[in-house]
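Written below as structure tokens is the structure these notes are about.
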């Protein structure tokens, strides 16, 4: 690939993850302000592979918005299309991590600046000049930003970009889960690579068997590559070449479990960034079982590393760290 200016453009939320970082002497919880937001995290991982990337989104004209923009700039993520909204504050997400690694979120977003992105804010030229366009559903929870997201996905698709979609379901942000399901299905219309978690595919399809869930999706949408990430149980890739013989390749790879895990924020985004890197290197046609195994091993290793540190955007794993966990050269 590499014919266009950008390897990847992502659209969506930029926010501050307020993550647990111990307690005070009076047993009050301490929170660490980590710049984040799933689409930006994906781009940060792609920067580790030296891809040229750009972000589309809105932040508040406030201290947290300034922190997010400066963080993106520090990572060499193009911020020309990140807008500062003078009337709305930057979204905050308070993250509580449980002993089993599961998380609970409390969002301060009523509204948040990321919700104020509109179609008029989208520059078509950017979408025409990217190899991959990535989005999720946090930018699909409300009308105006939803229209902007779908508009961007359509434009990027028309321009020949690979469309990467991560539902990234956060139930507290939706008026109801019926609307959430409706918008996930809308996103699947444009999708070439679907990154979905185990709980999300069960919720979306009503099927406990992941393979049956993928079959359910594929019967309705032409998506060549679907990965199901299952945390400690590893990940599975389901691939069907649009130009091939119709045969599906299924590859399952176990997770890398590290002893110093602290929290899982950003693990899915790190995984997704690695998968997109391989799609940029190899494309979507003619992938082999070996290709898929290499993709999943790299993505699982990177996701394992990110669970050993707080935050995600600023602390994505290096190639050397990933190679050390995966025990092989990846680039």
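Panel order for 137, 307, by other beta carbons found within 10 Å of each beta carbon, from fewest to most: 307, 137. Shape analysis of the stretch 1-56 based on the Cα gyration tensor places the equivalent ellipsoid semi-axes at 35, 11, 5 Å, largest first.
A simple spin-label model places the labels of residue 199 and residue 220 2.1 nm from each other, with each point 7 Å out along Cα-to-Cβ.
Convex hull volume of the Cα atoms of the chain, normalised per residue: 131 Å³. Fewest neighbouring Cβ atoms within 10 Å first, the residues 253, 9, 145 line up as 253, 145, 9.
Out of 244, 36, 187, any idea which swings most in a Gaussian network model of the chain, alpha carbons joined below 10 Å? In the Gaussian network model the winner is 244. Arranged from fewest to most other beta-carbon atoms within 10 Å of their beta carbon, 133, 165, 107 become 107, 165, 133.
Using only the C-alpha atoms, the convex hull of the stretch 198-331 corresponds to 110 Å³ per residue.
Before rounding to the nearest 500, sum -39500 (n - 2.57) across all DSSP H runs of length at least 4 in the chain and divide by the residue total; then give [θ] at 222 nm in deg cm²/dmol. Mean residue ellipticity at 222 nm (helix-derived): -10500 deg cm²/dmol.
In a Gaussian network model over the chain where Cα atoms closer than 10 Å are linked, find which of 312, 243, 156 has the largest mean-square fluctuation. The residue with the greatest mean-square fluctuation here is 243. Rounded to a whole number, what is D in µm²/s for the stretch 108-256 from Stokes-Einstein with the Kirkwood radius over alpha-carbon pairs (37 °C, 0.692 mPa s)? After rounding, the answer is 202 µm²/s. Convex hull of alpha carbon positions in the stretch 4-125: directionally averaged projected area 9.2 nm². Extension gain, residue 245 to residue 189: 0.36 nm times the residue separation minus the Cα-Cα distance gives 17.9 nm.
Which of these, 251, 59, 305, has the largest mean-square fluctuation under a Gaussian network model of the chain (Cα springs below 10 Å)? Most flexible of the set in this elastic network: 251.
Each value in this text was obtained by applying a stated rule to the coordinates, not by laboratory testing. Model, not experiment: these values are computed from the prediction. Cβ coordinates were reconstructed from backbone atoms using ideal geometry, including for glycine residues, and neighbour counts include every protein chain displayed.
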